[in-house]
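Worksheet for the structure shown next.
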Amino acid sequence: MAKKRKSSTCKDTGHDYVLGAKTGDDILSVDDVDEKAAQLAKQGPGIERIGELANHAPLLRIDNLVAGYGMMEILHGINLQVASGQSLCLIGPNGAGKSTILHSIYGFTRIFSGGISLDGQDVTKLSPNQKLKQAGIAYILQDNSVFPDMTVEENLWMGGYLMEQTDQAKESAERVFEKYDRLAKRRNQPARVLSGGERRLLEISRALVMNPRVLLVDEPSIGLEPRFIGMVFEILTDLQRSEGKAIVMVEQNAKKGLEFANIGYVLVSGSVAIAGKGRELLEHPDVGRLFLGG
């Protein structure tokens, strides 16, 4: 009788890997993935390549960022650039530091060294509220963050909590309703009645009330039925193309994220191992083998 093999699912790709067994060429053990990913991390793209992918005109720029939580260093010299109207997707194994990059941009981590700038202005030390109000950086959380007992309209008003006057938030909410008829039809209903896709649309729309220039999007497809995932990515595509938003995303479905994004970064152990156009990374043999399941 053949020995039963243990398996584990990679959170970032949703693909299963066989543990502790000799496998075929197309299946790697978790240890193999970790080892090969670590080899990639030693190479890393140069700053010239990072700048080239952002057309040498970045709106958001991270330079040699070392950051973490408390005394623990998670990110080790991260460089990142993304221009207006571009999207950048971060992929990699669990614990690589993907969400920590979003947290660092928004002010949720301890910055040991390095800097973050927006349109040439240093925003490294700004608080999250200042990042949103002054710099125009909005964070869309991966967790269900709507207020279920508030109406859809009231949820949108909450997106303008940093505005000087409540009328400003209401005016901005009206512009959102004009853009998304799906929400307008539900404006007076409690948010708890919304479908998963509509809740995600509300979360994105609430972030738009402050008219940010940069959207940090953490796992946009998580918990959604397949029929809603396409809708969410269509919304993000429209914001990028028609409104010129810069989007930095962490996406559990690495293939979907790279299909959407102009730029893809592969993170390993707190460092950028590979950077390229999203479509290029989809065809990259190491990325496909390690993170896309083929």
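Couple of notes before you dig in:
- At an R0 of 51 angstrom, the distance between the Cβ atoms of Met231 and Ser113 translates into a FRET efficiency of 0.80.
- Sequence ranges 165-176, 150-161, ranked by mean other-Cβ count within 10 angstrom, highest first: 150-161, 165-176
- Hydrodynamic radius of segment 35-170 per Kirkwood, over alpha carbon pairs, in Å: 16.9 Å
- In this structure, the amide hydrogen of Ala83, modeled 1.01 Å from its nitrogen in the peptide plane, lies closer than 5 angstrom to those of Leu59, counting only residues at least 5 positions away or on a different chain.
- Rounded to 0.05, the FRET efficiency of the Ile47 and Arg175 pair, given R0 = 45 Å and the Cβ-Cβ distance, is 0.70.
- Put a dot 7 Å past the Cα of Lys256, heading toward its Cβ, do the same for Lys277, and the two dots end up 2.4 nm apart.
- Gln189 long-range amide H proximity, modeled H, under 5 Å: Val152, Glu153
- Peptides 55-68, 259-272 ranked from most to least packed by the mean count of surrounding Cβ atoms within 10 Å: 259-272, 55-68.
- Charge dipole (segment 41-291, unit charges on Cβ, about Cα centre) - positive-most of Gln134, Ser172, Met231: Met231
- Point-to-point label distance, Ser99-Asn144, nm (Cα→Cβ direction, 7 Å offset): 1.7 nm
- Net charge dipole, segment 41-291: roughly 220 debye, given to the nearest 20, about the Cα centre with Cβ charges of +1 for Lys and Arg and -1 for Asp and Glu.
- Here the translational diffusion coefficient of segment 161-294 follows from Stokes-Einstein with Rh set to the Kirkwood radius across Cα pairs; for 10 °C and 1.306 mPa s it amounts to 96 µm²/s.
- Kirkwood radius for segment 41-291, taken over all pairs of different Cα atoms as the inverse mean of 1/r, rounds to 18.4 Å.
- Filter on Lys170/Lys256; Lys170/Lys245; Lys185/Lys255; Lys125/Lys255; Lys133/Lys179; Lys133/Lys170 - keep pairs with C-alpha separation over 28 Å: Lys170/Lys256; Lys185/Lys255; Lys125/Lys255
Bear in mind that the values in this text are calculations on the coordinates, not laboratory data. Since we're looking at a predicted model, the values are computed, not measured. Because the Cβ atoms are built from the backbone with ideal geometry, glycine has one as well, and the counts that use them run over all protein chains shown.
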